[in-house]
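For reference, the structure discussed in these notes is given below.
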Amino acid sequence: GGASGGGIEELPPLGLVAQLRPVAAQLRLGVGLQALQQLVGINTIMYYSTPILRQAFFSGAVSEEERAFVIWLSAPVACGQLVGCIVGMLLIDRVGRRPLVLSSLALCALSLALQGANFWVDHTYCGGELGGGADDDALPP
């Protein structure tokens, strides 16, 4: 037993844990999925959903009434994420983790590609109204 520092035994350094084959595979998978989740960018879309919706509906200064309208428009985005989480929890045991992760990754990539294409078309053919500008009054997320 370890009597150092109040009875809590010291953990081995992370390098030693990563050298164990079964743990190393699980660690790589977990870190890889977390990195993939961050790199896909859906968290960015969720964080900036209110300014994105404001730029989609209004150009220039925004009144308080318009600001409240856009904030209410971001509620279905958050509810959609909640519904997706609940569906995922219900399907994970029936479908399996791998098909669920791969299908959700494909859907996230598709939705982000469509949103990027929308901003590109707007910038290229419509004068860039959706993209905003340096003088744009962005709503705080």
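The values are calculated or read from the model by the stated rules, or taken from the named source; none is laboratory data. Quantities reported herein were computed from a predicted structural model and do not represent experimental measurements. So basically every Cβ, Gly included, is an ideal-geometry build from the backbone, and we count neighbours across all protein chains shown. Protein only, heavy atoms only, side chains kept; ligands, DNA and RNA dropped before computing areas. Shrake-Rupley method; radii C 1.70, N 1.55, O 1.52, S 1.80 Å.
A few remarks follow.
- Available extension along the chain between Gln34 and Glu10 is 6.0 nm, counting 0.36 nm per residue and deducting the alpha carbon span.
- Accessible area of Glu64 (1.4 Å probe, protein heavy atoms only, ligands and nucleic acids ignored): about 130 Å².
- Fully extended contour minus Cα-Cα distance, from Thr44 to Cys126, at 0.36 nm per residue: 27.1 nm
- Label-to-label distance, nm, for residues given as Ser59 and Arg94 (7 Å Cα→Cβ offset): 4.7 nm
- Rounded if a/c under 1.5, otherwise prolate or oblate - the range 73-130, Cα gyration tensor axes: oblate
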